[in-house]
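Before any comments, here is the structure.
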Amino acid sequence: MCSRIAASILRAAVPQTDEGKAMANSLVATSEDGYERRAIELARGMTYRIGGEGEYAGELGDLREVLFTNRWTSELFNTKRWVSDLEDAYEEAWRKWVCGEGGDIDLKALNPAVRY
């Protein structure tokens, strides 16, 4: 369960382009061993220039740069949408409680235009 949540968060954090999707897919591991191998590969491939001003080379640095650059336009940090969805969920929970209904709240049904 946690791995699926982490993969969803990762996919929401990268740009929604073919390049961003490929980047996310390259980071999603299917096993603990695969996760460890990928982390070691990224760490070993990262180098910094001594005496430089944070200059680096390597895939890990490139990934960090993409995440940093796109943080305010990614779905993950779309605070307006998150707040709106939370408010909709509160209203739906209240409506269900008042009507004596139980069950889960389906955000997709409340806001079908939004991709989750």
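The values are calculated or read from the model by the stated rules, or taken from the named source; none is laboratory data. Since this is a predicted model, take the numbers as computed values, not measurements. Note: ideal-geometry Cβ built from the backbone for every residue, glycine included; neighbour counts use all protein chains shown.
Structure data summary
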{"quantity": "Output for region 17-56, where each listed residue is more than 22 Å from the chain's Cα centre (by Cα) and among the basic types (Lys, Arg)", "calculated": "Arg44, Arg49"}
{"quantity": "Selection count where residues are within 21 Å of Glu75 (Cβ to Cβ) and among the charged types (D, E, K, R), scope region 85-102", "calculated": "3"}
{"quantity": "Count of residues meeting criterion [more than 27 Å from Glu19 (Cβ to Cβ), touching a helix residue (DSSP H, G or I) at 6+ places or on another chain (Cβ under 7 Å) and either among the polar types (S, T, N, Q) or not in a helix (DSSP H, G or I) (or both)] in region 64-101", "calculated": "0"}
{"quantity": "Check on Arg71, basic (Lys, Arg), at pLDDT 90 or above and either within 26 Å of Val14 (Cα to Cα) or not assigned by TED's automatic domain parsing to the domain that holds Ala13 (or both)", "calculated": "no"}
{"quantity": "Yes/no for Ile50 being aliphatic (A, V, I, L, M) and farther than 22 Å from Ser3 by Cα", "calculated": "yes"}
{"quantity": "Pair list, Cβ < 9 Å and 6+ apart or interchain, from region 13-32 residues that are assigned by TED's automatic domain parsing to the domain that holds Phe68 and surrounded by 13 or more Cβ atoms within 10 Å (Cβ to Cβ) to residues that are among the acidic types (Asp, Glu) and assigned to a loop (DSSP other than H, G, I, E, B)", "calculated": "none"}
{"quantity": "Tyr35, sole failed condition from (1) exposed (fewer than 11 other Cβ atoms within 10 Å of the Cβ); (2) assigned to a helix (DSSP H, G or I)", "calculated": "(1)"}
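A quick yes/no check of all residues on (1) without any contact (Cβ under 8 Å) to a residue 24 or more places away in the chain; (2) surrounded by 11 or more Cβ atoms within 10 Å (Cβ to Cβ):
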| position | (1), (2) |
| --- | --- |
| Ile50 | yes, no |
| Glu53 | yes, no |
| Gly58 | yes, yes |
| Val66 | no, yes |
| Lys80 | yes, no |
| Ala89 | yes, yes |
| Ala93 | yes, yes |
| Trp97 | yes, no |
| Gly103 | yes, no |
